[in-house]
Amino acid sequence: MSARVDVLNPQRPKRVLMVASNPAVSRQTGWPIGFWWAELTHPYWEFVERGYQVDIASLDGGALSADPWSDPRDDSAYSDEDLISLGFLSSPKHAALVENSLALDAVNPDDYDAVFLVGGQAPMYTFIDEPRIHDLVSSRVAADRVVAVVCHATCVLLKATLPDGRLVVDGRTWTGFANAEEDFADEFVGQTIQPFRIEDEARKLDGTNFIVAGRFVPHAVRDGNLITGQQQYSGAAAARLVIEALGV
């Protein structure tokens, strides 16, 4: 893409590393699970529209899979109005970004102005206890770089700690997938989907302020250099807060 005229320094565009989960299988449901399309494509759109350079990585690299209901082409029609994701999927250039994701160990986080963790069902298994993800979040926050985390990827904030041992969210206000949204999802499919609930666990923590908005209302929170989004409708809102923090 040619340099945009509304970017202050087109020779040095802002760079964002988006990190999505590798494919997994839910131990609760037995379903194949992965990232959620809108939580990747909507922020991606916000970033590239402002001339940012975006790379997509995963823990192990390679081909990624999305939660089926997040695919606008899925027979469930759950996300059939997600035209941004449909456009991304219809572009060979963009589809290749998730078919050949970068391995996290192969990138240098210092090369990026911000890190954005994509949610979906898989992070509840692949991110929650993963040292590489914990270290990425911790090191970027400690270095005063911008870190954004959305939806079920916010589970990492239940455990990620700073070098001094304090939780990354200590003294901060943040959000994540709400109990009301888990209730809706469980009722929709007729069974418990997640191995635990982020809101329940967050409210057990001392010294942090976990807040939620209404069910499936776009909601993102910025507290210093940490930005969080509540659910799949909050990815673009979180991306806009990243842009607010970084500028153009």
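List of remarks:
- Local charge for residue 58 was computed over the other residues whose Cβ lies under 13 Å away, with Lys and Arg +1 and Asp and Glu -1, and equals -4.
- Table column - 3J(HN,Hα) (Hz), the range 25-41, Karplus curve with 6.51, -1.76, 1.60, x for Gly and Pro: 10, 5, 6, 7, 10, x, 7, x, 9, x, 8, 10, 3, 4, 7, 9, 6
- Given R0 = 30 Å, the distance between the Cβ atoms of residue 203 and residue 223 translates into a calculated FRET efficiency of 0.95.
- Under-5 Å amide H pairs with residue 148, H placed in peptide plane, nonlocal only: 115, 116, 117, 227
- Among 54-65, 174-185, 201-212, the peptide with the highest mean count of other Cβ atoms within 10 Å heads the list, and the full ranking is 174-185, 54-65, 201-212.
- Separation in nanometres of the label points that stand 7 Å from Cα toward Cβ, at residue 179 and residue 139: 3.7 nm
- Length added when fully stretched, residue 77-residue 108, from 0.36 nm per residue minus Cα-Cα: 7.3 nm
- Proximal lysines relative to residue 204, as straight alpha-carbon distance under 16 Å, when same-chain residues fewer than 8 apart are discounted: 159
- Between residue 186 and residue 216, the simple label model (points 7 Å from Cα in the Cβ direction) yields a spacing of 1.8 nm.
- Three semi-axes of the equivalent ellipsoid, the chain, Cα gyration tensor, whole Å, largest first: 25, 23, 17
- Scanning residues 5 or more positions from residue 101 or on other chains, those with amide H under 5 Å from its amide H are 62, 63, 64, with H placed 1.01 Å from N in the peptide plane.
- Short-range pairs are left out: with C-alpha atoms under 8 Å and at least six residues apart, the relative contact order of the chain is 21 percent.
- Applying Stokes-Einstein at 10 °C and 1.306 mPa s to the Kirkwood radius of the range 1-139, computed over alpha-carbon pairs, gives a translational diffusion coefficient of 101 µm² s⁻¹.
- The share of accessible area on the chain that comes from carbon and sulfur is 49 percent, using a 1.4 angstrom probe.
- Rounded to 5, the percent of DSSP beta bridges in the chain classed as antiparallel: 25 percent
- Listed by chain and number, the aspartates and glutamates placed with their C-alpha closer than 15 angstrom to that of residue 14 are 6, 46, 49, 55, 110, 111, 113, 244; residues fewer than eight positions away on the same chain are left out.
The values are calculated or read from the model by the stated rules, or taken from the named source; none is laboratory data. Bear in mind the structure is a predicted one, so any value in this text is a computation, not a measurement. As a convention, Cβ positions derive from the backbone with ideal geometry for all residues, glycine included, and neighbour counts pool all protein chains shown. Side chains are part of the model used for accessible areas, which takes the heavy atoms of the whole protein and leaves out ligands, DNA and RNA. Shrake-Rupley method; radii C 1.70, N 1.55, O 1.52, S 1.80 Å.
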